[in-house]
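Student: First the structure, which I've put down as structure tokens, then a few questions once you've had a look.
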Amino acid sequence: MVHPRRGGYAAAVGLLQRRAAGLEYLELATAMLRQARLASADGGLWEAADVHWWWRRDQHPDPARQVFWLDGDRPVAAVIMTEWDGRFGCDLLSADHRVEGVLDVVWPVALGMLDAVGSAPVEMLVRDDDRALIDAVTAAGFVATGEADVTLWMDASSAPAEPAAPPGFALADRAAVADRPHHMRGRNGAQVAERLVECPLYDPHLDLAVFAPDAGVAGYGLFWADPVTGVGLVEPMRTEDAYQGMGLGRLVLSTGLRRLAARGCTRLKISYIVGNEPARRLYLGVGFRPDAGARTYRRQR
């Protein structure tokens, strides 16, 4: 059982709750995650850009599924439920990046939100060093899955040179091919282009795809530059199965990292799921270095 910490920061965040939906949710989550990154260079799990990427699937129309605690007009903690095709992701956020400091405030509310989704499976990604949250989620019936995640960082000054595209292949950004169906619609829905442009951090010049000689999509990567934190996030990266081993991932990744550096980012971030050996080799090969590990916990009723 997690014992509440009395007073201090945890008491302050309980002063005002706000249930926000839609673009207000996105604005509050963005502001809080930026504060968290400015408070810690490598703490926490998420960047503001992560919630912008999630927006393509869930625009959070129901205010009951996200709760923010405000200090005046400044968000300092939150519980966010994101719907992913019949399952939910639950995330606890803190503006100083340390969830354990607000756990006694946010966790009881989170438990009520978990109960409200009934039998739908719920997943939480928890850092391996977040012992208090691990204790809380396991006490609530969550079980560690086999899915583990590794975060990697790189100084933007170390961004690799851009290799040439293989003969017949062409790299383009979304701004140059806006007349085509979006290259990520197959895995992210027919509305992905419309959803992305609703996100303030989205930049079509950082939305890259490599096209095969037959004009089919061979791979892609989306790069997010945050001018407030200086962090450049890579999410997602994909090389289609038929084009693996041709260096296309390195082409997209290197080009995107150089563009993030040119946008003023000072630190670059990416992650991969343990067991994805091609991703691990690619990311280490261009200069990323591992930092934090995390694991997915799942509750199924």
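Student: What number of residues within the range 1-40 satisfy the criterion of being in a loop (DSSP other than H, G, I, E, B), at pLDDT 95 or above and either among the β-branched types (Val, Ile, Thr) or open to solvent by 40 Å² or more (accessible area, probe 1.4 Å) (or both)?
Tutor: Residues meeting the conditions: 0.
Student: Could you pull out the residue among 237, 246 that is under 22 Å from residue 57 (Cβ atoms), open to solvent by 10 Å² or more (accessible area, probe 1.4 Å) and not small (Gly, Ala, Ser)?
Tutor: None of the other options fit; the residue is 237.
Student: If you don't mind, another one. With respect to residue 126, is the statement that it is in contact with a Leu (Cβ under 8 Å, 6 or more places away or on another chain) and modelled with pLDDT under 95 true?
Tutor: The answer is no for residue 126.
Student: What helices (runs of 4 or more DSSP H) completely inside the range 131-228 contain at least 1 residues that are under 30 Å from residue 103 (Cα atoms) and within 20 Å of the chain's Cα centre (by Cα)?
Tutor: 131-139
Student: Further question on the same structure: Quick check: anything in the range 190-197 in contact with a strand residue (DSSP E or B) (Cβ under 9 Å, 6 or more places away or on another chain), surrounded by fewer than 19 Cβ atoms within 10 Å (Cβ to Cβ) and not acidic (Asp, Glu)?
Tutor: There is no residue in the range 190-197 that is in contact with a strand residue (DSSP E or B) (Cβ under 9 Å, 6 or more places away or on another chain), surrounded by fewer than 19 Cβ atoms within 10 Å (Cβ to Cβ) and not acidic (Asp, Glu).
Student: For the range 268-286, what are the residues that are within 13 Å of residue 151 (Cα to Cα) and crowded, with 16+ Cβ neighbours inside 10 Å?
Tutor: Once the filter is applied, which keeps residues that are within 13 Å of residue 151 (Cα to Cα) and crowded, with 16+ Cβ neighbours inside 10 Å, the range 268-286 yields 268, 269, 270, 271, 272, 279, 280, 283.
Student: Is there a residue being in a helix (DSSP H, G or I), modelled with pLDDT of 95 or more and open to solvent by 20 Å² or more (accessible area, probe 1.4 Å) anywhere in the range 48-63?
Tutor: Checking the range 48-63: at least one residue is in a helix (DSSP H, G or I), modelled with pLDDT of 95 or more and open to solvent by 20 Å² or more (accessible area, probe 1.4 Å).
Student: Can you tell me how many residues within the range 122-134 are in contact (Cβ under 8 Å) with a residue 60 or more places away in the chain and open to solvent by 20 Å² or more (accessible area, probe 1.4 Å)?
Tutor: Total meeting the criteria: 6.
The values are calculated or read from the model by the stated rules, or taken from the named source; none is laboratory data. Nothing here was measured: the structure is a model prediction, and the numbers come from that model. Every residue, glycine as well, gets a Cβ built from its backbone with ideal geometry; the counts of neighbours run over all protein chains shown. For the accessible areas, the whole protein counts, side chains as well, though only heavy atoms, and no ligand, DNA or RNA atoms are used. Shrake-Rupley method; radii C 1.70, N 1.55, O 1.52, S 1.80 Å.
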